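Presented below is the structure to which this report refers.
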Amino acid sequence: MSDIINLLPESVANQIAAGEVIQRPASAVKELLENAIDAGATDIKLIVKDAGKSLIQVIDNGSGMSPTDARMSFERHATSKITKASDLFAIQTMGFRGEALASIAAIAHVEVRTKKQDDEIGTQIEIEGSQIKNQTEIVCKTGTIFSIKNLYFNTPARRNFLKSNMAEMRHIQDVFVRIALVNPQLRFAFYDEQRQKFDLRISGWKQRIIELFGKGLNQKLLNVNEITDVVEINGFVGKPETARKTRGEQYFFVNKRYIKHPYLNHAVQSAFEELIPSGAFASYFINFTIDPEKVDVNIHPTKTEVNFQDEKTIYSLLRSAIKMTLGKFAFSPILDFETEMSFNHAPLPPGAEVKQPESHMNPDYNPFSNPTSKPASDNYGSTWQPPKLDERQSSNHENWQQLYKNDEQILSSGINAQQGDDESIERKEDSSEFIFFQIANKYIAMPHNDGLWLINQQHAHERVLFDRYSKIMSSSKPVSQGKMFAEVIQFSANDLDIINELWQEIQQLGFQLNKKDNGDIEVTGAPPEFNDESVQEIFEGMLEHYKNNQLNLQLDKHQNMLLSMAKNLSITGDQKLSDEEISALMEAFMNSDQQDVSPSGNRIMSYLSAEELADRF
Ligand code: ADP
Ligand code: MG
């Protein structure tokens, strides 16, 4: 007898592998969408026919491939994403095994059209059951179009195993949603034959969630945010009332890759304990950003389970982050108001008691007669910035939450804005503390030594911000926080020149910027207080002031930028402030070394003496 062991032909090996990797049409959809993302596409379109059984097409505007790469891409273990084993521990891409296209090509008719940006002409390749049938040059746009036809044409058993079109379509939609959900920075469209199922424009994460799951969620999502050395947890949980009897919208992602994790799911459920009926499921959308080395990445492409190194730590961080979110929400119904300007309740941590209002200030301190001395307490210091009360913030309760987060003093001191008129009269009689009140939405008045100090709120705030930003800029290490979704800003040529001129200064303030090839600026990090804000808006406002100042003031660029930031973000001279806001502003202002004039040279305060008052009568 001769030897009986054969090496399987490559095509048979690929078919076998394909059975594992491409279990159903939805698996092919997942691989193609992930490849498009890995190729840097910003616009991705998916078209399926017959639940993917007769056509799956993905059109992207990503990097495209050279003719050789296009051909190579169908080889097994052909990947541009890793070159050595150690790369496996630092995977930043969705794919890396280099077997998806080889597998798909083994069991379908595949056509690819692709062109790189710098190439004049593109490539078209047709391949059937791993056999290249045709390769030609074609004229096409930059990017790649993969068309998969007749899936499982040569593996009838697999084909017969498929479920109804409706069931397969559901799988495809699940895949699409999991990918589109966590990539709001990309545009996605999804067509079933001619019928458009989704057209998702580039947006923020919350907006993307709402577009996918319905406008009804708009008022119902609570932001979860926890940043530690081990992991960054970002996302949303549904308010307790959105909990369902069926396991519904539960999404975990690790580095934007969808995962299932029963143990961490338990962490969420237990944070909701007692807030939702037993047997109900909380909804959540949560991404864990974690060093790839600390997750087991060498997982099978079709599996959604992962292992974390610090599983227990992540469990408790997640649980407490959600509890905190829910606690704030439960104790602060006012945060839910969409239009309410003033806030009456400070959110209390669960179990905390409501304390009587108390002052943080030293009653004996005369802030104005001796500008170099400091008040006894330094609660607000220069790290707290009084809120900007514009339309945008007042209609967005998340910003209020952000505000509270910034100021634990207000959090713990409770409810001093809740006083009615009676109580404020009472307070005025209490000479042991400063009393501030606002006049004409413009001035803050403070009775003192028989007279009255009048402080221009806008000028004072500009001073506070200016001092604060100068301090940050002169510190050796500005605090910056990575943005979960980089913001891309397009500037006019003129504005871009100024941004370039201020590049260093902007980074010193804590913004992290990248220049893209096309001249756009990508913002990947911001000072924590701006993390939820549109950096574009901040920069646009700043540039406006900067240009004005260039015309009217003799300032160097450093000073001009500080001034422009301060003016841009300052409260205005026509803005109602709550008691908390007034006292926070005043406390920060009292810490300022320069209380006479604002950074643009305007007088900040004025004293009305008892004698001057007497003259009036
Ligand atoms: P992997 O994604 O694991 O590297 P694939 O078989 O999915 O393996 O793809 C093989 C290679 O083909 C990729 O590494 C990439 O270089 C290239 N490729 C695949 N799809 C695209 C695409 N849409 N645009 C550009 N290049 C692509
Ligand atoms: Mg891939």
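Some observations on this one:
- Counting only strands (runs of 3 or more DSSP E) wholly contained in the range 167-238, the ones carrying 2 or more residues that are open to solvent by 30 Å² or more (accessible area, probe 1.4 Å) occupy 187-192, 195-200, 221-227.
- Residue 122 within 16 Å of ligand 2 (Cβ to nearest atom) and either surrounded by 17 or more Cβ atoms within 10 Å (Cβ to Cβ) or not assigned by TED's automatic domain parsing to the domain that holds residue 160 (or both): no
- Yes/no for residue 212 being closer than 23 Å to residue 197 by Cβ and not hydroxyl-bearing (Ser, Thr, Tyr): yes
- Options 42, 68; residue that is in the same structural domain as residue 193 (by TED's automatic domain parsing), more than 24 Å from residue 91 (Cβ to Cβ) and at pLDDT 95 or above: 68
- The lone exception for residue 20 - which of (1) within 13 Å of ligand 1 (Cβ to nearest atom); (2) surrounded by fewer than 19 Cβ atoms within 10 Å (Cβ to Cβ); (3) not in a loop (DSSP other than H, G, I, E, B) it fails: (1)
- Of the criteria (1) within 22 Å of residue 179 (Cα to Cα); (2) open to solvent by 20 Å² or more (accessible area, probe 1.4 Å), which one residue 83 fails: (1)
- Residue that is farthest from ligand 1 (Cβ to nearest atom) [pool: residues in the range 75-112 that are of a type in the set (S, T, N, Q) and in contact (Cβ under 8 Å) with a residue 24 or more places away in the chain]: 92
- Scanning the range 53-107 for residues that are part of a loop (DSSP other than H, G, I, E, B) and under 17 Å from residue 123 (Cβ atoms) yields 61, 62, 63, 64, 65, 66, 73, 74, 75, 78, 80.
- Tally, over the range 41-54, of residues that are over 13 Å from residue 190 (Cα atoms) and open to solvent by less than 50 Å² (accessible area, probe 1.4 Å): 2
- Residue match in the range 519-536 (condition: closer than 18 Å to residue 459 by Cα, in a loop (DSSP other than H, G, I, E, B) and open to solvent by 10 Å² or more (accessible area, probe 1.4 Å)): no
- Within the range 550-571, the residues that satisfy the criterion of being open to solvent by less than 10 Å² (accessible area, probe 1.4 Å) and in a helix (DSSP H, G or I) are 560, 561, 562, 563, 564, 565, 566, 569.
- Test: residue in the range 346-355 that is surrounded by fewer than 17 Cβ atoms within 10 Å (Cβ to Cβ) and either closer than 30 Å to residue 35 by Cβ or at pLDDT 80 or above (or both): no
- Index of the failed condition, residue 153 passing every other in (1) more than 22 Å from the chain's Cα centre (by Cα); (2) aromatic (Phe, Trp, Tyr); (3) open to solvent by less than 50 Å² (accessible area, probe 1.4 Å): (3)
- Of the set (1) open to solvent by 60 Å² or more (accessible area, probe 1.4 Å); (2) under 29 Å from residue 30 (Cα atoms), all apply to residue 273 but (2).
- For residue 147, the criteria (1) open to solvent by less than 80 Å² (accessible area, probe 1.4 Å); (2) more than 13 Å from ligand 1 (Cβ to nearest atom) hold in every case but one, which is (2).
- Every listed requirement among (1) in contact with a strand residue (DSSP E or B) (Cβ under 6 Å, 6 or more places away or on another chain); (2) closer than 27 Å to residue 95 by Cα is met by residue 230 save one, (1).
- In this structure, residue 132 qualifies as open to solvent by 50 Å² or more (accessible area, probe 1.4 Å), touching a Lys or Arg at 6+ places or on another chain (Cβ under 9 Å) and in contact (Cβ under 8 Å) with a residue 24 or more places away in the chain.
The values are calculated or read from the model by the stated rules, or taken from the named source; none is laboratory data. Here the structure is a predicted model, which is why all the values come from computation and not from measurement. In this analysis, Cβ positions are derived from the backbone assuming ideal geometry, glycine residues included, and neighbour counts consider all displayed protein chains. These accessible areas exclude ligands, DNA and RNA; they are computed on the full protein's heavy atoms, side chains included. Shrake-Rupley method; radii C 1.70, N 1.55, O 1.52, S 1.80 Å.
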